[in-house]
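Enquirer: Sharing a structure here in structure tokens format.
The values are calculated or read from the model by the stated rules, or taken from the named source; none is laboratory data. Bear in mind that the values here come from a model prediction, so they are computed numbers and not experimental data. In this analysis, Cβ positions are derived from the backbone assuming ideal geometry, glycine residues included, and neighbour counts consider all displayed protein chains. Areas reflect the complete protein model, heavy atoms only, side chains present, ligands, DNA and RNA absent. Shrake-Rupley method; radii C 1.70, N 1.55, O 1.52, S 1.80 Å.
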Amino acid sequence: MNNNKFALLDIICYVIFPLVIWHMLRDPIGDYYAMLLSSVPGIIYTIYRFKALKKINVFGIYMISTLVVGTLIDVLSGSAINLLWNNVYYAYAMAGLFLVTIIIRRPIALYFALDFTELQGFDRQINKKLFFHKKIYYIFNWIVVAFALQNIILASIKAWLITKYGVEAFDEGIILRQVVNWGLTIPIIGGYLYVGKIINDSPDLVKSASQTVEEEKESIAQES
């Protein structure tokens, strides 16, 4: 499936369906349960996208973990206003976790890149050596910062909307989530493309990474 079709499904499953369900069901069943049901299309769609990866990897584990935790937070919130506030706190917590991966020198953006390049047929071990090269490694750190900012900005906007409009902030929150996500996706994609450019312009880095991996394999073979 091409990117245009995925973009269209994003709009349908993450924006249109939730808004329609919210407005149709909030009066018959109440705000809280309407919010819970409005998340079902997004959950089903997220599982579908996860299955499209065809294997378990860091990105897949991240998708499923955030899906499960987010759903539990929604179900256990108990009321519509609590659900909204808990999602604000959750977004701040996710931003913090992203930044922690930088502190422990395991930027999650780097492992996402390893997963996607492996799916395209590239050697994971060689790419790992390549991605941890100082010049490339720092770019991945900045990509993680962009992921964190995405959550911080969205959570801050949601908090302001909830304070001002209460549960009526749900509409604006759905739309703004997609706007912020798409807006910050541009520099994130730009970061990944820049990594690709550095690699394409530096065949010596690829050669060095390949040689290092081969030497490590030979060393392991000799020890065994």
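Enquirer: Could you tell me whether any residue of region 87-109 is modelled with pLDDT under 90 and either farther than 25 Å from residue 183 by Cα or among the hydrophobic types (A, V, I, L, M, F, W, C) (or both)?
Expert: Within region 87-109, none of the residues are modelled with pLDDT under 90 and either farther than 25 Å from residue 183 by Cα or among the hydrophobic types (A, V, I, L, M, F, W, C) (or both).
Enquirer: Filter region 86-130 down to the residues that are under 29 Å from residue 26 (Cβ atoms) and in contact with a Ser or Thr (Cβ under 8 Å, 6 or more places away or on another chain), then identify the one that is most open to solvent (accessible area, probe 1.4 Å).
Expert: Across region 86-130, the extreme among qualifying residues is 86.
Enquirer: Could you give every pair whose Cβ atoms fall below 6 Å, whose first residue belongs to region 108-120 and is free of Cβ contacts under 8 Å to residues at least 24 places away in the same chain, and whose second residue is open to solvent by 10 Å² or more (accessible area, probe 1.4 Å) and part of a helix (DSSP H, G or I), counting only separations of at least 6 or pairs across chains?
Expert: Note: pairs meeting the criteria are 117/127.
Enquirer: May I pose another question? Give the residue, chosen from 20, 68, that is at pLDDT below 80, open to solvent by 30 Å² or more (accessible area, probe 1.4 Å) and assigned to a helix (DSSP H, G or I).
Expert: From the options 20, 68, the qualifying one is 68.
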